[in-house]
Amino acid sequence: MAKNVLICDDAAFMRMMIKDILSKNGYNIVGEAENGAKAVEKFEETKPDLVLMDITMPEMDGIQALKKIRETHPEACIIMCSAMGQQAMVIEAIQSGAKDFIVKPFQPERVLEAVKKVIG
Ligand SMILES: [Mg+2]
């Protein structure tokens, strides 16, 4: 069965790009969120196998959303999407339970590699 993925990024073109890479490779996109608060909401709604979570987002950033989701769902699989120069936040995310991280600009192979490693 196709694995369900939730995509969280405030940039619509980023969500589109990730969606394109993953759906072409057999993953099912169950939802999209443009900020951290929506990400938490959509997670509860869709209970995805994996979340791709941008770090810098309005309202609630990706780190806060990650922490919030893992508070109630410690088994949640979340991969962080960071920009260059966000090492400190990436480390905080990994310490808070993120499974991996990918750095923008994305190479499709790197996105797939991370996703496969985490959910197969
Ligand atoms: Mg962003």
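The values are calculated or read from the model by the stated rules, or taken from the named source; none is laboratory data. Since we're looking at a predicted model, the values are computed, not measured. Cβ coordinates were reconstructed from backbone atoms using ideal geometry, including for glycine residues, and neighbour counts include every protein chain displayed.
Annotations
- Any hit, region 36-51, residues being β-branched (Val, Ile, Thr), surrounded by fewer than 18 Cβ atoms within 10 Å (Cβ to Cβ) and part of a loop (DSSP other than H, G, I, E, B): no
- Of the criteria (1) within 16 Å of the ligand (Cβ to nearest atom); (2) modelled with pLDDT of 95 or more; (3) surrounded by fewer than 19 Cβ atoms within 10 Å (Cβ to Cβ), which one Lys99 fails: (1)
- Among the numbered conditions (1) within 25 Å of Glu109 (Cα to Cα); (2) under 12 Å from the mean Cα position of the chain (by Cα), the only one that Ser23 does not meet is (2).
- Residues of region 1-13 that are of a type in the set (D, E, K, R) and within 16 Å of the ligand (Cβ to nearest atom): Asp9, Asp10.
- Every residue from region 91-116 that is among the aliphatic types (A, V, I, L, M) and assigned to a strand (DSSP E or B): Ile102, Val103
- Qualifying position, being in contact with a Cys (Cβ under 8 Å, 6 or more places away or on another chain), of a type outside the set (Asp, Glu) and within 16 Å of the ligand (Cβ to nearest atom), among Met16, Met53, Met80: Met53
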